[in-house]
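One structure is given here, and the rest of the page talks about it.
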Amino acid sequence: GSSSSSHHHSSNHSDGTKSIHSGLDYTDNIFTYLLSLPTDQLDVLYDHMWTCKAVFRFLPDIAKQYIMRLLFCEGIPVKQILLDIPKKINILSQSFDSKKTLSTIDQEQQVALKEIQDAHQIAFAKLRDYRIVHEVQSQGETFVVMNPHFQKTFRQLVTSVSATAQIPTTHHKKKKKEKEPKGDEQQQPQQQEGVEEPKKKKRKKKKKSSSSDLESEFLQEYSRRKWENVLLYLVGTATETEQIFSDNVKQLLKYSQLIKKSHNQSILRITNEGFQFLLQETKVQVWKLLKQYLETCSERNQNKNEILNFIFELGFLEIGKEYSSTDLTETQQSVLADFNDLGIIYLPKDKKKRIKFKYYYPTPLSSSLTVSLSTSYDLVSSFGTQNESTNGFIIVETNYRVYAYTSSPLQIALLSLFIFPEYRLPNMVVGLITRASIREALKNGISAHQILQFLRLNAHPVLKQKKPVIPDTVSDQILLWEKERDRIKKTSSVLYDKFTSVPDLNRTAEYAKAIGAYLWKSEEKLILVCKKDNHKQIKEFIQQNINH
């Protein structure tokens, strides 16, 4: 199941990075975004086939089973569902070895029962969260009922081949046709004439040459270049590439608070959030910007649900295949240019370098958005570091020297955020991790953990074989430098110095501790320091108990 693959996914990193991946899995992706939508919006989304398919693919296996079983039922009593689980246990207990003593079998059964029950509960909770099922009370019994929007769409999806013809997306029909030429006969007669003609031409063209299909390597490179462009714009080194963006994307970067204008309003400076953003995985970065895009879509008169559905749809399309944009809604067509700028799709250009909007090609980036991290579709790893076969390019030595085998301006810009660059060769940068350079980075809001995470994620393959990946001396020192900045804590406080005896002081100190206001006392000088917020209570206490 998906759980085993997720375990595998995280185990091939060092411990430090394991947490990164497992953390992202649940915290923020397109599916958690769905959970935050109001019910009516989610219902509208469930009327679309692509959303249903994507959510279904994302759910744990047991939840998928539940959906398939509930799909053609009106409502099922909860009791009956609960009865199903012990049946599985009986089957299990028969598979236990008969030679073992009863007590061990019992223990094993208990463990197995617990595991199975937990798995079912988690699966069911997921279904409830996504509002695919809900519970209804009727005649004193609780029934589980499926969301009618989801149920209707999914039934159509599951039951018939011809049902796909009613769904207005060429992509689906086209795929069908590519796989089975019979697809034409299954088409419904009303749909022919006008719509069918150009498509037939296109199919003939495909038979002659498959030139309209693009290599996934080309697209991978393209989406990486586009995305690096966005990041370079953030780092502020993208002056020569700036004119490539559509205004929407520039607005988006400003809205997302990753960059802001500096005091004199002339240059755009990167913010703390921007730094942290740069150190994350591409997939997470793209999603963060898309989320922003969805939040601001009303200002561009776009329909949020249609954009979401389009994102889900991209997740199911074949990378490198050409799809016609004529069937997209207005909103979806307006999104094409922006998605092209972000490298999520590729729009071909004509001879005059103008973009053609008639067809689009999904890139590897688009499919990584709608799969959870537990699945291994991760084609685009941490930004642009996939130079041919190796991911890593950084070597950190125990003497704080860093060698980075890269000529990418983005990576050099990123490294120089926390490394003092010494010299630069055509294919490599050599720098030092110094107290000053780390402090500069910390001032800009990058945490020591993020720096180490960046170095670990992009460590050279030779380094990755070592344990630990980054020498302890270096990682400990970076953490210590961070702690240096947190040595002093400011607390608004009040100083009481009119005590006449130590017992009075101690009694007041005890009271202050009890209400959580105590900070410091000196018995020699008869001084007590407490938090300012509790001043009133302490003053009253002193008046009542001490100043007789």
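Read-outs throughout are calculated quantities, based only on the coordinates presented, and are distinct from any laboratory measurement. Computed from a predicted model, the values in this text were never measured in an experiment. Ideal geometry is used to build each Cβ from the backbone, glycine not excepted, and the neighbour counts take in all protein chains shown.
Of note:
- Taking the convex hull of Cα positions in the range 432-548, its mean projected area over all directions (nm²): 11.1 nm²
- All-pairs alpha carbon distance profile, the range 419-489, 10 Å steps from 0, percent: 18, 47, 30, 5, 1
- Long-range amide H partners of M428 with built H, under 5 Å: T406
- Ordering of 448-458, 73-83 by packing is 448-458, 73-83, highest average first (other Cβ atoms within 10 Å, averaged per residue).
- Pairwise FRET efficiency - D40 versus D533, Cβ, R0 = 30 Å, nearest 0.05: 0.10
- Flagged links, alpha-carbon separation over 28 Å, of K489/K521; K126/K291; K53/K351; K288/K321; K254/K351; K226/K288: K53/K351; K254/K351
- Annotation: amide H-H contacts under 5 Å for I259 (H modelled 1.01 Å from N, sequence separation of 5 or more, or interchain): T271.
- Calculated from backbone phi, Karplus (6.51, -1.76, 1.60) coupling profile of the range 534-545 in Hz, x at Gly/Pro: 9, 3, 4, 4, 5, 4, 4, 4, 5, 4, 6, 9
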